[in-house]
1. Among the residues that make up segment 249-259, is at least one of them over 19 Å from the mean Cα position of the chain (by Cα), at pLDDT 95 or above and assigned by TED's automatic domain parsing to the domain that holds G320?
2. If I filter segment 35-49 for residues that are in the same structural domain as D97 (by TED's automatic domain parsing), surrounded by fewer than 20 Cβ atoms within 10 Å (Cβ to Cβ), touching a residue at least 40 places away in the same chain (Cβ under 8 Å) and part of a loop (DSSP other than H, G, I, E, B), do I get at least one hit?
3. For segment 163-222, what are the residues that are of a type outside the set (D, E), within 15 Å of the ligand (Cβ to nearest atom) and in a loop (DSSP other than H, G, I, E, B)?
4. Inside segment 155-183, can you point out the residues that are among the aromatic types (F, W, Y) and under 18 Å from the mean Cα position of the chain (by Cα)?
5. In segment 240-260, is there at least one residue being surrounded by 21 or more Cβ atoms within 10 Å (Cβ to Cβ) and either in a helix (DSSP H, G or I) or out of contact with any helix residue (DSSP H, G or I) (no Cβ under 7 Å at 6 or more places or on another chain) (or both)?
6. Which residue out of T114, T11 is more than 13 Å from the ligand (Cβ to nearest atom), hydroxyl-bearing (S, T, Y) and in contact with a strand residue (DSSP E or B) (Cβ under 7 Å, 6 or more places away or on another chain)?
7. All but one of (1) buried (at least 20 other Cβ atoms within 10 Å of the Cβ); (2) closer than 29 Å to D97 by Cα; (3) of a type in the set (V, I, T) hold for V69; which doesn't?
8. Could you check segment 141-188 and list, in sequence order, the residues that are of a type in the set (V, I, T) and either surrounded by fewer than 24 Cβ atoms within 10 Å (Cβ to Cβ) or more than 20 Å from G316 (Cβ to Cβ) (or both)?
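The values are calculated or read from the model by the stated rules, or taken from the named source; none is laboratory data. These numbers were taken from a predicted model, which means no experiment stands behind them. Reconstructed Cβ throughout: ideal geometry from the backbone, glycine too, with neighbour counts over all protein chains shown.
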Amino acid sequence: GISVGIVGIGTYVPDKIITNHDLEQMVDTSNEWIVERTGIRERHIAEPDMATSDLAVLAARKALADAGVSAEEINLIIVATATPDMFFPSVACIVQDQLGAVNAAAFDLGAGCTGFVYAVATGSQFIKSGLYKKVLVIGAETLSKVVDWTDRNTCVLFGDGAGAVVLSEVKAGYGILSIDLGSDGSGGEFLKIPAGGTRVPTTEQTVSDRQHYLYMNGSEVFKFAIKVMGEAAVKALDAAGLDHHSVNCLIPHQANIRIIQSAAKRLKLPMEKVMVNVDKYGNTSAASIPLALEEALKSCRIQQDDIVVLVGFGAGLTWGACVIKW
Ligand code: ACO
């Protein structure tokens, strides 16, 4: 069969930074609480005039340049996002237009923070099947626009950003070796935006009840994450005929340092082999794995022939892992 891998990567985060000390001025919280409970120190926040597609386009241009691929060569654009510009058109179609990717199909994919892993899994199948040659996968979010900045339980956790990769055929034996995806919709209520959709359409009442903001049951999501992160990574490694000894670099979804540490422990990996940048970006949802992956590549934590594991969890609830030979 055709081997598919990542042949280019690019990211973008807005310039504006909100530190934990800034948050102390906004809600009843402290830098110590946030650092100790989450590992987050600061996060990047989009300006009011910037939407998810703007971040996505800026990351995508860098990924195309890194891959040496023109926009016209792209056959498919998949944007993983939980914070689209609007219901429709999709973010992917806005990106397609902005890039001038005139030969590309385009659609959005929703799997919460697991969206990037789901989108890499989905995009790679179109190349494996022989239908397409080059697929652009983007994880992009402006969670700052749906976070209730008066709710200390959630506003300290999230940040904005985008990460893009180009998928293409690679040398046999390299690229994506295995994928493990899962879902448990029974936990959907733990992480949601209650209003503004077709179940609870927008009314003056829903707005005054603050139902258009992200709602999260933090401790339930935490328990779920601890369980599935390790399990998904182990299953994906198993499917590739590998175990934890083979892993050179783990790229976990960056939601909370304690969740990352527990996944590392489950995989018996020392933290030197685990990419962590949650301190700088907070939880950027579908953008977090490509942001961490690019930093791992730039800082030479990933070398040729390395085994890299991407693993995430998120709203849905969903989870996913992917083993890549670099
Ligand atoms: N500052 C100070 N105190 C706070 C803050 C804050 N920012 N936020 C909450 N607290 C308080 C709570 O009110 C609570 O006080 P109480 O006991 O008087 O009610 C206390 O701190 C402890 O709260 P816990 O919920 O027990 O704290 P916990 O250790 O569980 O940490 C956290 C909370 C960080 C939210 C954790 O549960 C977590 O990380 N959960 C996972 C969240 C996550 O990853 N979400 C992303 C999912 S991905 C996606 O698809 C978007």
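1. Filtering segment 249-259 down to residues over 19 Å from the mean Cα position of the chain (by Cα) leaves none.
Scanning segment 249-259, I find no residue that is over 19 Å from the mean Cα position of the chain (by Cα), at pLDDT 95 or above and assigned by TED's automatic domain parsing to the domain that holds G320, so the answer is no.
2. Yes, segment 35-49 has at least one match.
3. Selection gives I193, P194, Y213, L214, N217.
4. F158
5. yes
6. Matching residue, one of T114, T11: T11.
7. (1)
8. The initial filter retains those residues of segment 141-188 that are of a type in the set (V, I, T), namely 142, 146-147, 150, 154, 156, 165-166, 170, 176, 179.
Selection gives V146, V147, T150, T154, V156, V165, V166, V170, I176, I179.
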